[in-house]
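The values are calculated or read from the model by the stated rules, or taken from the named source; none is laboratory data. Owing to the predicted nature of the structure, the values given are computational and were not obtained by experimental measurement. Neighbour counts are summed over all protein chains in view; Cβ atoms, including those assigned to glycine, are modelled from backbone coordinates with ideal geometry. Only protein heavy atoms, including side chains, enter the accessible area calculation; ligands, DNA and RNA are left aside. Shrake-Rupley method; radii C 1.70, N 1.55, O 1.52, S 1.80 Å.
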Amino acid sequence: MAEPSRAQARTVEIRLRWLTLAAFLAPLVVLAAVFGTRFGLWSAGFGLDVLTLKIGLVLAFVGLAAAAIAVVIALKDIRRRGLYAAVSLAVAGGTVALFLVQQQRFAVPAHNDVTTDAVEPPAFSRAVLAMRGGDPGAGGGGASVACPGLVSVPRQVAPETAAAALSAAGFTVRGAAPFRANGAQEGFWFGLTYDPATRIRPGRTDVRVAQREGVSVGDEACRLARAVVQDLSTPG
């Protein structure tokens, strides 16, 4: 009777290992999507939209279901099998929670090219235009538009002040000249790049932020532009 019992225990342990592995599928796919994008194996749109937000999301819920089954199995011998259940549930639950948070964030309707002056948006420098393929609206899906809460700064600022505001918002400053400053910000995970431009005129400073890739990530462009405007609007 001992041998069948050992064989059954071994079978249960193997099942628990596979169920725990299933909980790691979504994070592994996301890592593959990130590294594949960063190394140029596929576009940011494919890595983020398809591999992560579609395939990864499905696998996240598959992992959560697998974790639930692991918990049920582990309850029969929590001392020996509890670790499998705890690990799978923690990984799967955390993964699903992160996906839901990101889904809610990305679901915010927004544009990838935003400005404080939709009638006459600030122009990008020649160097930035070259990196954007020569198209000012590349990745933006059309002309630059306004977004809620984004307004011009009602004063003329120094180019150095504009450059400092870009830096404070997380951009790498690429240049500051009379009446303008520009830079860039490259995302850590998928390398999404945002180009800011500031236009300085007597009594008014305008800001523009545009993403190069055209990947929908909610109101990120608006958030970055607001951060620049808020810094420029702060006295001192």
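Does THR234 satisfy the condition of being more than 22 Å from ALA110 (Cβ to Cβ) and either among the charged types (D, E, K, R) or surrounded by 20 or more Cβ atoms within 10 Å (Cβ to Cβ) (or both)?
On the way: more than 22 Å from ALA110 (Cβ to Cβ): yes; either among the charged types (D, E, K, R) or surrounded by 20 or more Cβ atoms within 10 Å (Cβ to Cβ) (or both): no.
So THR234 does not fit the description; no.
If the Cβ limit is 8 Å and pairs must be 6+ apart or interchain, which residue in the range 162-178 that is β-branched (Val, Ile, Thr) pairs with which residue that is surrounded by 17 or more Cβ atoms within 10 Å (Cβ to Cβ) and in a helix (DSSP H, G or I)?
VAL173/ALA163; VAL173/LEU166
Of all residues in the range 171-193, which are outside any strand (DSSP E or B), farther than 25 Å from VAL34 by Cβ and not hydrophobic (A, V, I, L, M, F, W, C)? I'd like the intermediate steps shown before the answer.
Keep residues of the range 171-193 that are outside any strand (DSSP E or B), which gives 171, 178-179, 187-192.
Filter once more, keeping what is farther than 25 Å from VAL34 by Cβ: 178-179.
The answer is PRO178, and nothing else.
Do we find that ASN112 is modelled with pLDDT of 90 or more, closer than 30 Å to VAL29 by Cα and not hydroxyl-bearing (Ser, Thr, Tyr) in this structure?
Yes, satisfied.
Check PRO148 against each of (1) open to solvent by 70 Å² or more (accessible area, probe 1.4 Å); (2) of a type outside the set (S, T, N, Q); (3) over 30 Å from ALA23 (Cα atoms); (4) at pLDDT 95 or above and name the one condition it does not meet.
(4)
Tell me which residues, restricted to the range 201-227, are of a type in the set (Val, Ile, Thr) and at pLDDT 95 or above.
First pass over the range 201-227, keeping only residues of a type in the set (Val, Ile, Thr): 205, 207, 209, 215, 217.
Those that are of a type in the set (Val, Ile, Thr) and at pLDDT 95 or above: THR205, VAL207, VAL209.
When you scan the range 175-186, do you find a residue that is within 30 Å of LYS54 (Cα to Cα) and open to solvent by 20 Å² or more (accessible area, probe 1.4 Å), even just one? Talk me through it step by step, then tell me what you get.
Step one: filter the range 175-186 for residues within 30 Å of LYS54 (Cα to Cα), giving 184-186.
Subset that is open to solvent by 20 Å² or more (accessible area, probe 1.4 Å): 185-186.
Yes, the range 175-186 has at least one match.
What's the total number of residues in the range 187-198 that are surrounded by 22 or more Cβ atoms within 10 Å (Cβ to Cβ) and touching an Asp or Glu at 6+ places or on another chain (Cβ under 8 Å)?
Summing the residues that are surrounded by 22 or more Cβ atoms within 10 Å (Cβ to Cβ) and touching an Asp or Glu at 6+ places or on another chain (Cβ under 8 Å) in the range 187-198 gives 3.
Given the structure, is VAL119 more than 28 Å from ILE55 (Cβ to Cβ), at pLDDT 85 or above and β-branched (Val, Ile, Thr)?
So VAL119 passes the test.
For the range 199-231, which residues satisfy the criterion of being open to solvent by less than 30 Å² (accessible area, probe 1.4 Å) and either without any contact (Cβ under 8 Å) to a residue 12 or more places away in the chain or on the phi > 0 side of the Ramachandran plot (or both)?
Residue satisfying the conditions is GLY218 alone.
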